[in-house]
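A short write-up of the structure that comes next.
Values quoted throughout were computed directly from the atomic coordinates according to the rules given, and no laboratory measurement underlies them. Since the structure is predicted, the reported quantities are computational estimates derived from the model, not experimental observations. A quick note on method: Cβ atoms are made from the backbone with ideal geometry, for glycine too, and the neighbour counts reach across all protein chains shown.
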């Protein structure tokens with residue numbers, strides 16, 4: 001599977017956003033790969049609203065929690081090697097289960113925190129959204145980024161192309 005890049009567009013209104021969504025659907029971009037974020041109270045109707053994973057810091061927090069929790073669990077398993085009554089076979093299991101348990105616990109705790117925080121990657125768009133602009137995020141194959149940027153430029157000069165995010169995690 002090709003990697004995805006997230007494109008960011010600031011759009012002046014719902015009508016322009018709807019037209020771009022229709023054009024992207026015709027270009028075979030899945031509906032689930034489009035995410036729209038607007039000021040509270042903006043009627044988005046059938047537009048693909050940004051979900052929790054796009055609006056909050058859930059994904060970065062989850063990634064950090066997995067790494068920190070897994071590391072802490074593995075270190076706790078290594079401590080089991082320091083105790084003579086525990087044999088190497090049991091200690092190996094302790095390292096494995098410590099890492100898995102720590103990663104699971106770290107992911108759970110950090111996701112609870114991350115879901116309550118706004119997405120730090122979207123801070124640069126906060127003022128524009130508050131001023132009434134609509135932020136559209138579109139996940140496209142890396143090798144087609146230029147194609148979609150050109151299409152938006154040609155058909156919608158009023159759209160502000162705000163760049164890309166290098167990689168999109170394959171979850172959630």
Say we join alpha carbon atoms closer than 10 Å with springs in a Gaussian network model of the chain; which of 18, 39, 124 then has the biggest fluctuation?
124
Listed values [x] 10, 25, 22, 13, 10, 9, 6, 4, 1, 0; [y] 10, 41, 40, 9, 0; [z] 10, 30, 26, 15, 11, 7, 2, 0, entry calculated as P(r) over Cα pairs in 10 Å bins from 0, in percent
[z]
As a check on your grasp of the helix formula, calculate [θ] at 222 nm for the chain: sum -39500 (n - 2.57) over DSSP H runs of n ≥ 4, divide by the residue count, round to the nearest 500.
-15500 deg cm²/dmol
Computed over the chain: longest principal axis from alpha-carbon atoms vs helix 58-81 long axis, angle to nearest 10 degrees, is 10
Relative contact order for the chain using alpha-carbon pairs under 8 Å, separation at least 6, rounded to a whole percent?
44
Among 97-105, 114-122, the order from most to least packed when residues are scored by Cβ within 10 Å on average
97-105, 114-122
